[in-house]
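Contents: one structure, followed by commentary.
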Amino acid sequence: MMHYFHRQVQLWGEETQRSLQDKKIAVIGCGGLGSSLAFALGSSGIGEIHLVDFDEVSTHNIHRQIAFKVGDEGKNKAAVNAKIIQERSPYVKVVAHECDFNGFKEKKIKVDLIIDATDNLPVRGEINLYAKSVNTPWIYGSVEAFNGQVCFFDKASFNDVFKITQKTPAGIAAPIVMHIASLQANLALRFLAGLSVKKDFLYYLFFNQEGEFVTQKFSLPTA
């Protein structure tokens, strides 16, 4: 196993790498963000990964949702991502849940971390309320156009910070999806490995009118 994870072992040692085998995470949504998260975390050595999505692959998904290829249309997104993880790493147990978030909640599966990879505010609000109820941290991520946001929620409440509406992104550039998912994955892996993570801190990334890439940071209220 340590040969498979050689580069990570060089980073944090064998003991930390073995500790990841005892960790469990849930990824809610297996489309754009979820596909990239599956690639980034599926071969990291996390012991158990639960993938949740009721949706099926459509042709318009494929250009920005990297797990899918032409010919996958009609297949469940969680199942396709689970298959990819299983093919890439023999050291992870991956479970595909072909249901929505409410269906997953009813299964009462205990995890160490929840990662949001959805595409709408109401479900993120539900994730936040559920995470609070089971005392589990979660990582938020969203994308629109060339912009994105990431936050590790611990004490702060998503529902208090964001206005919950049915708004969905008008358009999305494929690379920003992968970039935001990568940031979410890095936060997740640092947390699970016992490294420091800045919690309840919102990162907003965007290109300004001159094409400059800008990152803004906001501390969120925790009481």
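The values are calculated or read from the model by the stated rules, or taken from the named source; none is laboratory data. The structure presented is a predicted model; accordingly, all values stated were derived computationally and were not measured. Every residue, glycine among them, receives a Cβ derived from its backbone with ideal geometry; neighbour counts consider all protein chains shown. Ligands, DNA and RNA are excluded from the accessible area calculation, which covers all protein heavy atoms including side chains. Shrake-Rupley method; radii C 1.70, N 1.55, O 1.52, S 1.80 Å.
Assorted remarks:
- Candidate residues Thr222, Thr16: accessible-area rank, largest first, probe 1.4 Å: Thr222, Thr16
- Remark: the stretch 118-127, residue by residue, has Karplus-estimated 3J(HN,Hα) of 8, 9, 8, 5, x, 5, 4, x, 5, 4 Hz, where x stands for each Gly or Pro and the curve is 6.51 cos²θ - 1.76 cosθ + 1.60 at θ = phi - 60°.
- When the Cα convex hull of the stretch 1-111 is projected onto planes of every orientation, the mean area is 7.0 nm².
- Solvent-accessible area per residue for the chain (1.4 angstrom probe, square angstrom): 50
- Altogether, the Stokes-Einstein calculation at 20 °C and 1.002 mPa s, with the Kirkwood radius of the stretch 80-200 over Cα pairs as Rh, returns a diffusion coefficient of 137 µm²/s.
- Protein accessible area in the chain, 1.4 Å probe - carbon and sulfur %: 52
- Paramagnetic label reach from Asn135 (point 7 Å along Cα→Cβ; backbone nitrogen cut-off under 19 Å): within the stretch 154-197, residues 154-157, 192.
- Globularity index of the chain, i.e. its alpha-carbon radius of gyration over 2.2 N^0.38 Å: 0.98
- Summary value for the chain: 20 percent relative contact order, contacts being C-alpha pairs under 8 angstrom separated by 6+ residues.
- Inter-site label distance for Arg190 and Glu87 at 7 Å from Cα along Cβ, in nm: 3.2
- Sum of -39500 (n - 2.57) over DSSP H runs of 4+, divided by residues of the chain (222 nm, nearest 500): -11000 deg cm²/dmol
- Counting charges near Leu121 (Lys, Arg +1; Asp, Glu -1) among other residues having Cβ under 9 Å from its Cβ returns a value of +3.
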